[in-house]
Each structure stands twice: as C-alpha cells, then as structure tokens.
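Single-structure report; data block below.
A short reminder: the numbers here are calculations on the coordinates, not readings from a lab. Because the structure is a prediction, the values reported are computed rather than measured. Cβ sites come from the backbone with ideal geometry, for glycine too, and all protein chains shown count toward neighbours.
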Amino acid sequence: MQVEQVLQRLKDMGCKLTPQRRLIVEVLLSAGEGALTADEIYQQVRQTYPEIGLDTIYRNLRLMARLNVVSEVKLTGRTAQYSLNRELHNHSLVCLECGAEIPLAHCPIKELEAVALEQHGFIISAHRIELFGYCPACAPGADNKIPT
C-alpha cells in the first residue's frame, strides 16, 4: 500500500490532508506489519515537525481509528499500539501476552451487512473484528489467565 492510497481513503471520508497527517501515515507505513505506540510515532514525526505535540498525534490516531484506517490495540498494562489497516476490511487474532496480530481471511459479517441494509437501511462502509486470546507460543502459560 502506498501513502497516496491511504491519503485518498482519508480524503474520501472527508478528512483534510495536512502535512502532519501525511507524515503520520508515512511513519505507520514504514513500520510494515508492525505496530507503533503514539510516542514512537511522535518521536519520528517531530524530527520533521518539531512544533507538533503528542496531543496532535493522539487526535490523528483516534480519527484514523474511527475511520478504520488505523487499528488500535490496547492490552492490559501496556501502552496502546497502532498499525495501519492495509484494507478497509480486516479481521485478526490478537495475543494478549505478546501482542502478535494474526490476520483472518474469512469474514463472518457479510450476512449481517445485508440484514443491516434490508432491515434498517444502514449502509456499512467498513468493519473490523479483533478476537483476543493467546497465540501458540504464549498459550502454554495462559491456563491460569483464562477466566472461568
């Protein structure tokens, strides 16, 4: 995915394309499949825009998360991490121990989208499913963490 594709998605959803927002997208893209904290993004962006504040980074990340352009993963006791959604439509398994994100190919929501349109006239523009648990590497020690 290219910066211009992400910016076009933001523009199509009514967002202004500020130079700072553009750089935030570039930083997220440079992380590849990895995730970054807001502070890590802030440290990189302020190299170009030293006047930018951490609040501006958070505001942009919250906006992009609401628009499903960015995924925000908050694990208990850890700082939230952000990654770029490569598609408008994504589903993943998220490990509560190590934070690994495993993409799921199957989409169980298609039938619900049709119901939402037929019964409520609601047009769904995007959706995301995140299932939280433990990956194979972390699962052996997870027995005592699973609620009963």
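What value, in deg cm²/dmol to 500, does the helix sum -39500 (n - 2.57) over DSSP H runs of n ≥ 4 give at 222 nm once divided by the residues of the chain? Could you put the intermediate results ahead of the total?
Numbers: 5 runs with 54 residues, N = 148.
After summing the helix terms and dividing by the residues of the chain, the value is -11000 deg cm²/dmol.
For THR37, the amide hydrogen comes within under 5 Å of the amide hydrogens of TYR82, counting only partners 5 or more places away or on other chains and with H modelled in the peptide plane. Estimated at 0.36 nm per residue, the fully extended path between LYS110 and ARG62 surpasses their Cα-Cα distance by 14.7 nm.
Remark: the GLU118-GLN5 segment gains 37.6 nm on full extension, using 0.36 nm per residue and subtracting the alpha carbon distance. The simple spin-label model puts a point 7 Å past each Cα toward its Cβ; for ARG22 and LEU75 those points are separated by 3.5 nm. Of the labelled options [x] 44, 31, 24; [y] 63, 35, 28; [z] 49, 44, 24, which one gives Cα extents along the principal axes in Å as computed for this structure? Correct label, based on the coordinates given: [z].
Sequence-ordered 3J(HN,Hα) estimates for segment 103-108 from the Karplus curve with 6.51, -1.76 and 1.60 and θ = phi - 60° stand at x, 10, 7, 6, 10, x Hz, glycine and proline given as x. Of all stretches in the chain that contain no GluC sites (Glu not before Pro) in a DSSP loop with at most 16 other Cβ atoms within 10 Å, the longest one is 98-148. Less than 5 angstrom separates the built amide H of VAL70 from those of ALA65, ASN85, all sequence-distant by 5 or more or on a different chain.
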